[in-house]
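Here's the structure, in structure tokens; my notes come after.
FYI, it's all coordinate maths here, none of it is from the lab. None of the values given here were measured: they were computed from a predicted structure. Cβ: placed from backbone, ideal geometry, glycine included. Neighbour counts: every protein chain shown.
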Amino acid sequence: MKKFFYILALSLAIFVTGCEKGTTLSSSSVEVVSSNSKNKGEFYSYDINIPQIKDETSEDFTYFNLTMQENMRYIIENLSGKKDDGGIQEAYISFKNNENSFGILSISILTNIYTGGAHFINSLESYSFNLKDKTILSLDKIFKDEAIEYFNMRINDMIKNKDRVLNTQGAEVIFFDNAEADINNAILSFEGDYIVFTFTEYDLTPYSSGMPVFKFNKKDSISRIDKQRIIGFQFLIVCIFYSIKIHNRKIAIYHRYMMFRVHRSFSYCTNMFCQFFWQF
């Protein structure tokens, strides 16, 4: 009996520590600096701050830097030369290097452009890089299909249940009546321990509501996946104890079989928690 509980405790310890994958690289391990251009004319003004990654060993970093420089050049070349000529009258670009615990360099870029009319045109972009090999990551390279389905389900449940959702400015948003989220259309970023999905105006909300933000703590998200399997696992543990109690004389027979089942269940759950979400 003591041996049984010892093995069970050991299995629990393996389950708890099974997701450790060594040291996680920090986004601070790569230097991101700002390249600024600012000016004001008779019919225009702009203040542009673009990110530049100080690392020449990665082709993806280099391509990213050139893309940012091209965006700046495009805005400057399309500034208004006279009143109401359809050119860019105001332009502002800012960025944020999101510190996180995912081993990902996550850079968010906000662009505000005014060409006339009722309001600014706002756009948000986010770029994710694997810090291990310094390659850019798309959604399907980060999450497995099951994880994408899971996030879509969680977000749409929040919309359907009219949960309180805030925008990028911290104000509560109002969704369209027929709003349906698809994270393939979202801006993905990583902040601290959170996976963040941001949707642009007019996707799920009117312009006046801004950009809605959905944040998921990585530990909470992973622990919620496939609760039925976890419940099934808990039921297995109960069965083990009842088997021992009811079939006291057959402990020797049940012991090896049940411990094999427990080991397989723990291994499965550990594998599910660690590998369900991540592609890389």
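What is the gain in length, in nm to one decimal, between Lys96 and Asp157 on full extension, counting 0.36 nm per residue of separation less the C-alpha to C-alpha distance? Present the calculation step by step, with values, prior to reporting the outcome.
Numbers: separation 61, 0.36 × 61 = 21.96 nm, distance 2.93 nm.
Gain on stretching Lys96 to Asp157: 19.0 nm.
Please give the length that would be gained between Tyr202 and Asn178 if that part of the chain were fully extended, namely 0.36 nm times their separation in residues minus their C-alpha to C-alpha distance (nm, one decimal).
Numbers: separation 24, 0.36 × 24 = 8.64 nm, distance 1.20 nm.
Full extension of this stretch gives 7.4 nm more.
For the stretch 46-55, just list the computed ³J(HN,Hα) in residue order, Karplus coefficients 6.51, -1.76 and 1.60, θ = phi - 60°, integers in Hz, with x standing in for Gly and Pro.
3J(HN,Hα) across the stretch 46-55, in whole Hz: 8, 9, 10, 10, 10, x, 9, 8, 7, 7.
Could you give the nm distance between label points at Arg164 and Asn36, where each point is 7 Å from its Cα heading toward the beta carbon?
Roughly 3.7 nm, to one decimal.
Sequence-distant or interchain residues sharing an amide H contact under 5 Å with Phe176, placed H: which?
Thr205
Please report the projected area of the stretch 138-224's Cα convex hull averaged over all directions, in nm². Don't skip to the end; give the middle numbers.
Working: hull surface 22.2 nm².
Taking a quarter of the hull surface, the average projection is 5.5 nm².
How far apart, in nm, are the 7 Å Cα→Cβ label points at Asn71 and Asp84?
In this crude spin-label approximation the distance works out to 3.2 nm.
If you consider only alpha-carbon coordinates, what radius of gyration and Dmax does the stretch 135-182 have, in Å?
For the stretch 135-182, the Cα-based Rg and Dmax read 13.3, 39 Å.
Through the Karplus equation 6.51 cos²θ - 1.76 cosθ + 1.60, θ set to phi - 60°, convert the phi angles of the stretch 82-88 into ³J(HN,Hα) values in whole Hz; use x for Gly and Pro.
Going residue by residue, I get 7, 5, 6, 8, x, x, 7 Hz, with x marking Gly and Pro.
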